[in-house]
1. Can you say whether Ala373 is within 30 Å of Arg478 (Cβ to Cβ) and either surrounded by fewer than 24 Cβ atoms within 10 Å (Cβ to Cβ) or under 28 Å from the mean Cα position of the chain (by Cα) (or both), as far as the supplied structure shows?
2. Would you check which residues across the stretch 256-311 are of a type in the set (A, V, I, L, M), in contact with a Phe, Trp or Tyr (Cβ under 6 Å, 6 or more places away or on another chain) and more than 14 Å from Leu239 (Cβ to Cβ) and list them?
3. Name every residue in the stretch 727-743 that is of a type in the set (Asp, Glu) and either more than 25 Å from Gly633 (Cβ to Cβ) or part of a loop (DSSP other than H, G, I, E, B) (or both), in order of residue number.
4. Take Asp714 and tell me if it is part of a helix (DSSP H, G or I), open to solvent by 60 Å² or more (accessible area, probe 1.4 Å) and in contact with a strand residue (DSSP E or B) (Cβ under 8 Å, 6 or more places away or on another chain).
5. Does the stretch 683-703 contain any residue that is of a type in the set (Gly, Ala, Ser), assigned to a loop (DSSP other than H, G, I, E, B) and open to solvent by less than 10 Å² (accessible area, probe 1.4 Å)?
6. Return yes or no: is Asp345 in a loop (DSSP other than H, G, I, E, B) and touching a residue at least 60 places away in the same chain (Cβ under 8 Å)?
7. Determine which single condition Lys331 fails, assuming it passes every other condition in (1) more than 16 Å from the ligand (Cβ to nearest atom); (2) within 28 Å of the chain's Cα centre (by Cα); (3) open to solvent by 20 Å² or more (accessible area, probe 1.4 Å).
8. Could you tell me which numbered condition Lys189 fails, if it satisfies all but one of (1) out of contact with any helix residue (DSSP H, G or I) (no Cβ under 9 Å at 6 or more places or on another chain); (2) over 30 Å from Val526 (Cβ atoms)?
Amino acid sequence: MKSLYIIPSALLAAVLLVTSSCSGSSLKGTSTIGSTPEVEKRIDALLSKMTLEEKIGQMNQLSVGGPVENYAEAIRSGQVGSILNDVDPARLNELQKIAVEQSRLGIPLIVGRDVIHGFRTIFPIPLGIAATFDPDLAREGARVAAREATSTGVRWTFSPMLDIARDPRWGRIAEGSGEDTFLDSEMAKAMVRGYQGDILDSTSMAACVKHFVGYGAAEGGRDYNSTFITERQLRNFYLPPFKAGIEAGAMTVMTSFNDNDGVPSTGNKFVVDEVLRDEWNFDGFVVTDWDSMGEMIAHGFASDRKHAAELSINAGVDMDMMTLGFLGELKKLVEEGKVKVSQIDNSVRNILRVKFLLGLFENPYVDPSKIEAYTEENLLAARKTVEESVILLKNDKGTLPLNDKSIRTILVTGPMADAPYEQMGTWVFDGQAEHTATPLSALREKFASTPVRIVYEPGLKFTRESRQSYPEVSAAARNADVILAFLGEEAILSGEAHCLADLNLIGGQSALLEELHKSGKPVVTVVMAGRPLTIERDLPNTDALLYAFHPGTMGGPAITRLLFGDVVPSGKTPITFLRTVGQVPLYYNHNNTGRPYDNNTLLGDIPLGAAQTSLGNTSYYLDYGAYPLFPFGYGLSYTTFSYSDLSLDKKQYSEDDTIHISFRLSNTGNFDAEEVAQVYVRDMVGSVTRPVKELKAFRRVPLAKGESRTVTIDLPVKDLAFWGLDMEYGVESGEFQLMVGGDSRAFMKVNFTVK
Ligand code: BGC
């Protein structure tokens, strides 16, 4: 059934005005989630019938699984507003039936699940999706995930994760869009729209932007650790993707585990109440992370569960995931006068608003005979996403694409060549390994009725395995025309709580690659991993390298098509690739220092007994210099592109203007391909130190071989605004430099001023 409610968009927001004049409404302006006066009336009517206990029950979320009887009574008596972690449609219908037909007020449950990069059909990990620089594709992927998940009764996903991450040791870097605020914001909007759909109907899955906020800056890249982000950094780098997600209509927000400067997010009134509610007018609901309310006790921020519940509700949190703090303590807190019923009413309003808008009251059940999973359309969308997300990082002497006319024997090796579960990556609760197409299976299928022979010698069973030698692999290598080595990380090596201090290829993988290289045969490496690994030492041992992150269900067919040139790689690094882990954090949009790097002497150039001096030295490492292995936004193609003729329509702009950028992009090689053209801006002088450059726009441009095209991009001057010295948001007058290129080094430059 299609419901009538429309997601707010620039176009529609104006007609969905809900003001505080609505009876009892807590809304202060335009509803960020698309509520209407009718919905607000229904909320008020229902709220007026609810007991305090029933209200508190709506604020409680419970993880379920196993027999329905275990939860039946709690749901029947109105103690549960939401459940998570069950995806069995029959059981979900039963649980829903208890809520709708047997509880006093018949309020449906909202069923949550971590649908992070696909439900059944698994897409690349979010970091891989970001590498596509293709928000339309990300949106399509989220739509596929929503259709599959909602067909089982899941109407709420805990995604997208919008945590900016500059530290690849952090395992959850896999779950986000990387280091850049603009790219993250574009992906945020796309995924929210994809999950929720243009029109809210029974395939709409409420999005949850998480983790609010700063979680990706965990000290040392150790998950759950403290962060120390200043308010200016928060506002300039960490908050904008969330704001973008809210503006795209995200219905829910999840608080994070970290304490920022001593304040755990679940008790952080500043970020939840002031920024999210007061500044952004968010009127969906805020859920804690898993027991993050209770964890405030371990933080030493709350003395006990009651105190934790008080801090949470006072910060603006509406729903408790798994602490049972609201359920167990809110009533006492009301009786003691520490929490007002009006606060509880506000939270319940926020929760009911989402339930009404999702159409759960009209449509609480699913039809178990209409489950959507692994349809051809969904698998194709997943394959296309992998094809755009894989990054070509090395391609000596045009090793790739492979020419199947001149190859007779292919050696397929490495622990990720046929690892259907591992290639799906982290946060895959519902993707099934038996539906995953690995590179080995795809290659075998491609060459099934041809003279080409596929020889499979994995060398290592798992990425963590080590061996002294690889005689059977070496023997096979000698007889092969080309070697395809699939290396990387098992799924469990990234994701929540799975952080690493060493980012080299794990186990015996580097040694295996070295051995392969000794054969003298062309070696092509495909890395499937949850993070950018430090692969510098491996590069000399391979002729070509494709970085595929964890590509998901359709990894095998997509990679095969890339290897043989059916499609040309076009992915770009959504995060800086480091030479060594000691460079952390190294990100492209760092502030200008007083001593910018100037190709200074490295360790080997310093004479023994050299006199002490710092003069002429700059910000860099003696042993590793100042540059990464691969910069942000980088990725090769089978063809080559050239950029020229950058021009702007004016030299000087005012704040309300739009900058019309134009440049020429040419495909100068031998393949039809797509290039992600990128626009960066540097604010030359600011009231505070400004980044050396910031990504402000990008465009995927398809170009046939030999084709040249003028690319035009419009950049509103307002997009150059930032939080300056007095914590005021705006564009500061002065000189700017605009840079265009195929990665963040963006060599083509032009200056302009804003007055
Ligand atoms: C994670 C969240 C996730 C939640 C529910 C937590 O451990 O931090 O990202 O959504 O569990 O599974």
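1. No: the conditions fail for Ala373.
2. Within the stretch 256-311, just Ala309 meets the criteria.
3. Glu728, Glu732, Asp743
4. Spelling it out, it is not the case that Asp714 is part of a helix (DSSP H, G or I), open to solvent by 60 Å² or more (accessible area, probe 1.4 Å) and in contact with a strand residue (DSSP E or B) (Cβ under 8 Å, 6 or more places away or on another chain).
5. Checked the stretch 683-703: no residue is of a type in the set (Gly, Ala, Ser), assigned to a loop (DSSP other than H, G, I, E, B) and open to solvent by less than 10 Å² (accessible area, probe 1.4 Å).
6. no
7. Every condition holds for Lys331 apart from (2).
8. Failed condition: (1).
The values are calculated or read from the model by the stated rules, or taken from the named source; none is laboratory data. A quick note: this is a predicted structure, and the numbers were derived from the prediction, not measured. Counting neighbours? That spans all protein chains shown, and the Cβs are built from the backbone with ideal geometry, glycine included. Only protein heavy atoms, including side chains, enter the accessible area calculation; ligands, DNA and RNA are left aside. Shrake-Rupley method; radii C 1.70, N 1.55, O 1.52, S 1.80 Å.
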